[in-house]
Amino acid sequence: MSNNKYKILVIEDESNICNLLETILTTNGYQVVVEGTCRDGITMMLSYVPDLVILDLGLPDRDGLEFIKTIRQSDTTPILVLSARSDENDKVLALDLGANDYITKPFGNAELMARVRAALRDRRISEGEGGLDGKFHLHDMEIDYARRVVAIEGKEIKLTRTEYNILEVLSLNQGKVLTYASIIRKIWGPTDDGGIKKLQVNMANIRKKIGSIPGDNKYIINELGVGYRIGEDS
Ligand code: CA
């Protein structure tokens, strides 16, 4: 499969990481442009119109979070954040500002390409090829959005309304990490107290009902300290 139609803008100031990203991405058939500062990245967004941005948070002129804030005022291009392992708070902030996903340095080639493909798939869904009338499939799980029914291997799973809503939100955001706070806002509203605990209890019940043992990443992946994401068909 050729990916040549996809253009990726890399905003990163460390030359060894730039070279690595450029090599991996071009080898996989993507077009790549690299910028080293937040300001040049914003300029290139307008002239290059990329399909995906890979963004380092530690940039020499401004924080990468500022880039996300600026771009998200008018632009839904997927943003994949590159972050150092210690920046847990920055990951949450970046996601809550509208980044789609993050990848932790140092990263492997296969992991990077999986995240890139997932983020590009998310762009297609947000442009209206998916939608609530359809069905979502992941391994042997099916979510029927019209009937609000989840089935595993064709067998219907009895979920509460809240449990279904959580699974629906995650499935509609495949390719994205949803922070705990953003899931809580979507399910219970902005003013809810004790959300995290309720979310954890509901998630444990969902996992039990869909037959997912702790640490099993087939359907739902817990990004520890950050949030949850739905799995991917490999
Ligand atoms: Ca940097």
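Bear in mind that the values in this text are calculations on the coordinates, not laboratory data. Quick caveat: nothing in here was measured; it's all calculated off a predicted structure. Glycine also receives a Cβ, built like all others from the backbone with ideal geometry; neighbour counts cover every protein chain displayed.
Odds and ends about this structure:
- For region 3-127: span of alpha carbons on each principal axis (Å, largest first): 31, 31, 24
- As a proxy for reagent exposure, 105, 197 were ordered by neighbouring Cβ count within 10 angstrom, fewest first; the result is 197, 105.
- Helix 195-209 vs. the chain, principal-axis angle (Cα, 0 to 90°, nearest 10): 70 degrees
- Per-residue [θ]222 nm for the chain (sum of -39500 (n - 2.57) over DSSP H runs n ≥ 4, rounded to 500): -12500 deg cm²/dmol
- Computed label-point distance, nm, for sites residue 63 and residue 84 using a 7 Å Cα→Cβ extension: 1.4 nm
- Calculated FRET efficiency for the pair residue 196/residue 117, C-beta based, R₀ 30 Å, to 0.05: 0.45
- Distance distribution note for region 180-234: the fraction of Cα pairs above 14 angstrom is 56%.
- As a calculated quantity, the FRET efficiency between residue 160 and residue 19 at R0 = 45 Å, using C-beta atoms, amounts to about 0.35.
- Relative compactness, the chain, computed as alpha-carbon Rg over 2.2 N^0.38 Å: 1.04
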